[in-house]
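In what follows, a single structure is set out as structure tokens and then discussed.
The values are calculated or read from the model by the stated rules, or taken from the named source; none is laboratory data. The model shown is predicted, which means the values in this text are computed figures rather than measured ones. Heads up, the Cβs are rebuilt from the backbone with ideal geometry, glycines too, and the neighbour counts pull from every protein chain shown.
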Amino acid sequence: MSGGSTPSAGVRRKEIVALHLYSTLSRTVEPLVTRNPGRVTLFVCGPTVYDYPHLGHARTYIAFDVLAKYLRWTGSEVFYLQNITDVDDRIIDRARERGVSQSVLARTFETAYLRDMHSLDVDAVSHYARATTHIPEIVHQVERLIGRGAAYVAETGVYFDVSTFERNGELSGQHGTDRVSRITDEGKHAPLDFALWKFGEFGEYTWDSPWGRGRPGWHIEDTAIAEKYLGQQYDIHGGGLDLIFPHHEAEIAQMESLEGKHPMVGYWLHTGFLTVEGKKMSKSSGNFITVRDALKTWDRDVLRYYILLSHYRSPLQATEEGLANAARALEHIRAVATKDAGEDREGRKAFVDAMESDLNTPMALAAIRALADRGDIGALVEFGEILGINFLRDASVPVRILQEIRAELRARREFEISDLIRERMVDAGITVTDPSL
Ligand SMILES: [Zn+2]
């Protein structure tokens, strides 16, 4: 589960124990202190699987992929949980439009999501959990909230009573009702109250509950799944900036109302928005770029390099020009990083310092460029695994072909030509090991 790589000899362990992260809850950069030393529990809101993932998803999930990989590199054990929202209005609508069942639609786009993330080398998640396979856990959590007096049954569903939770609004700073006041026709006691369980027949994804048939609300899916695998308190919760209100605010209210355990998580991490050519990416603006389309033009390494050139909390402008520049910068690194000049302690420390500073990947990439210039090939390989970027020319195919030709030449006892190829390979910085005869 945790990555195999360990801190390089060039960076001593005591220098990398102070990862600092900005938490939306405290609004400050703080050193990461986990509930159990050496172990990190991380939950990141997963996708609603009704369409293909876009570059905004790529941005968020690459950021948390790098966080998990970095933590594992420092020697921490990381349990990274991600939910899959496969019950949602958008899934119901899209399935109806296409004339397919909700489960077929959800499985189709769940598979597309996992495949696209794999294409981006986003592979640090320890466990994915679907909402539809956790209905008993969801129902059990709603039951307990009703039992605690934090939720009530109305005509249209079961609602969380926001007035019972005094810390409401702490994460988002939003205590007002203006954003949701138009929603008053659901039989709720107050505009900010939100659904835990919605009554009705929603086709395939409808379940029995002690209060009536229906389906879960969005927020409760996440806390039921998180409680099952991580407990009521864990270390880090992540997601896109747009999820802070009402989604994450609701998650805190639900989980902390179960038994009064506070805080639900120590650190709230949010990724900034992604805009395309200056506009927020959306279907209606016509600038919606899916991961699969982006990968037709740009390879994975260029996309990751480009995304990581911006700090995860900053807005990210996706532009053709920016991607082309990123491709050139990566090509430059690969062009200069050909001969191994050994360990560059200073450069390695600069990389680690940047990562420790709230995952400052733009600075970390500057350190990578310096490491390439100074020829620390080992660091480029090691840190490349953390960032999910191959900083070296992919020599594996030509090298394999040359090795095959040399084996054939040796079999024909053409040792002179075989040795000449070997010499030239060594000159080019390629390690050549011949199998013992
Ligand atoms: Zn969520």
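Limited to region 229-256, what total is found for residues that are of a type in the set (Ser, Thr, Tyr) and assigned to a loop (DSSP other than H, G, I, E, B)?
Just the residues of region 229-256 that are of a type in the set (Ser, Thr, Tyr), to begin with: 229, 234.
Then keep just the ones that are assigned to a loop (DSSP other than H, G, I, E, B); that gives none.
Qualifying residue count for the region: 0.
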Q.
Here is a list: 324, 329, 250. Which entry is of a type in the set (Gly, Ala, Ser), in the same structural domain as residue 140 (by TED's automatic domain parsing) and more than 18 Å from residue 53 (Cα to Cα)?
A. 250
Q: Could you please find all residues in region 205-219 being within 14 Å of the ligand (Cβ to nearest atom) and surrounded by 24 or more Cβ atoms within 10 Å (Cβ to Cβ)?
A: 216
Q) When you go through (1) outside any strand (DSSP E or B); (2) more than 14 Å from the ligand (Cβ to nearest atom); (3) crowded, with 21+ Cβ neighbours inside 10 Å one by one for residue 222, which number turns out not to apply? A) (2)
Q. Which condition number does residue 250 fail, the rest of (1) within 11 Å of the ligand (Cβ to nearest atom); (2) of a type in the set (A, V, I, L, M); (3) within 20 Å of the chain's Cα centre (by Cα) being met?
A. (3)
(Q) Considering only residues that are charged (D, E, K, R) and within 12 Å of the ligand (Cβ to nearest atom), which ones fall in region 225-247? (A) 242
Q: Taking the residues in region 72-122 that are free of Cβ contacts under 8 Å to residues at least 60 places away in the same chain and within 15 Å of the chain's Cα centre (by Cα) as candidates, determine which candidate is nearest to residue 307 (Cα to Cα).
A: 118
(Q) Return the pair list, or none, for Cβ contacts closer than 6 Å from residues in region 326-345 that are over 13 Å from residue 390 (Cα atoms) to residues that are of a type outside the set (Gly, Ala, Ser) and in a helix (DSSP H, G or I), at least 6 apart or on different chains. (A) 326/302; 326/305; 326/306; 336/373; 340/377; 344/371
Q | Residue check for residue 215: in contact (Cβ under 8 Å) with a residue 24 or more places away in the chain, under 28 Å from residue 139 (Cβ atoms) and among the basic types (Lys, Arg) | A | yes
Q: Mind counting the residues in region 1-33 that are closer than 15 Å to residue 356 by Cα, among the polar types (S, T, N, Q) and at pLDDT below 95?
A: 0
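Being more than 16 Å from the ligand (Cβ to nearest atom), outside any helix (DSSP H, G or I) and crowded, with 21+ Cβ neighbours inside 10 Å is the filter here, so list the residues in region 33-71 that pass it.
Going through region 33-71, the residues more than 16 Å from the ligand (Cβ to nearest atom) turn out to be 33-40, 51-52, 54-55, 58-59, 62, 65-71.
Restricting the remaining residues to those that are outside any helix (DSSP H, G or I) gives 33-40, 51-52, 54.
If the condition is that a residue be more than 16 Å from the ligand (Cβ to nearest atom), outside any helix (DSSP H, G or I) and crowded, with 21+ Cβ neighbours inside 10 Å, then 40, 54 are the ones that fit.
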Q) Within the bounds of region 147-155, is there any residue that is assigned by TED's automatic domain parsing to the domain that holds residue 268, away from the ligand (no atom under 16 Å from the Cβ), within 16 Å of residue 248 (Cα to Cα) and modelled with pLDDT under 95? A) no
**Q.** Members of region 72-97 that are part of a loop (DSSP other than H, G, I, E, B), surrounded by fewer than 22 Cβ atoms within 10 Å (Cβ to Cβ) and within 16 Å of the ligand (Cβ to nearest atom)
**A.** 88
